[in-house]
Amino acid sequence: TAGKVSRKTLDTTLLNIPLFVIGADKASIQWLEQHQEELKFMQATGFITNVNDFETIVALQEKFKLPLLPVNVDPLLAYLHEQHYPLIIAEGAVWQ
């Protein structure tokens with residue numbers, strides 16, 4: 001679910017690329033607007049969850065020029081001991 005994420009460090013050896021997780025909710029899209037340039041600079045790949053249709057994914061990809069893959073992020077969030085998104089996973093840390 002969308003919500004607050006506290007910064008924490010973790011072993012990211014299994015994740016060799018920067019990732020970000022968003023939903024199709026208003027808060028996630030506002031967060032993406034605020035972090036768009038940083039995510040592009042990092043060449044991050046996006047996972048989008050709780051999205052109702054493919055057209056929404058395409059529209060967000062075109063608007064923000066970032067790759068977005070529809071994913072069930074529950075296993076990833078469980079691995080991270082996190083319940084909320086949006087978030088970034090990169091350089092040994094998870095943050096919002």
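The values are calculated or read from the model by the stated rules, or taken from the named source; none is laboratory data. This one's a predicted model, so the numbers in the text were calculated from it and none came from an experiment. Note that we place each Cβ from the backbone using ideal geometry, even for glycine, and neighbour counts take in every protein chain shown.
Just one of the numbered conditions (1) outside any helix (DSSP H, G or I); (2) crowded, with 18+ Cβ neighbours inside 10 Å; (3) more than 10 Å from the chain's Cα centre (by Cα) is not true of I89: (3). Selection over the stretch 46-68 of residues that are loosely packed, with under 15 Cβ neighbours inside 10 Å and not basic (K, R) gives a count of 8.
Here the stretch 69-79 is the region considered, the condition is being surrounded by 12 or more Cβ atoms within 10 Å (Cβ to Cβ) and not aliphatic (A, V, I, L, M), and the residue that is modelled with the highest pLDDT is P70. In this structure, does F20 turn out to be among the aromatic types (F, W, Y) and either in contact with a Lys or Arg (Cβ under 7 Å, 6 or more places away or on another chain) or assigned to a strand (DSSP E or B) (or both)? Answer is yes for this residue.
So in the stretch 1-28, with the set limited to residues that are in contact with a Phe, Trp or Tyr (Cβ under 9 Å, 6 or more places away or on another chain) and β-branched (V, I, T), which one is surrounded by the fewest Cβ atoms within 10 Å (Cβ to Cβ)? So the residue we want is T1.
Screening L60, L66, L32, L39 for residues that are in a loop (DSSP other than H, G, I, E, B), modelled with pLDDT of 95 or more and touching a Gly at 6+ places or on another chain (Cβ under 9 Å) leaves exactly one candidate, L66. Remark: pairs (first residue in the stretch 52-63, under 16 Å from S28 (Cα atoms); second residue of a type in the set (D, E) and surrounded by 11 or more Cβ atoms within 10 Å (Cβ to Cβ); Cβ separation under 8 Å; 6+ apart in sequence or on different chains) are absent.
Here E82 passes the criteria (1) part of a helix (DSSP H, G or I); (2) acidic (D, E); (3) surrounded by 11 or more Cβ atoms within 10 Å (Cβ to Cβ) except the one numbered (1).
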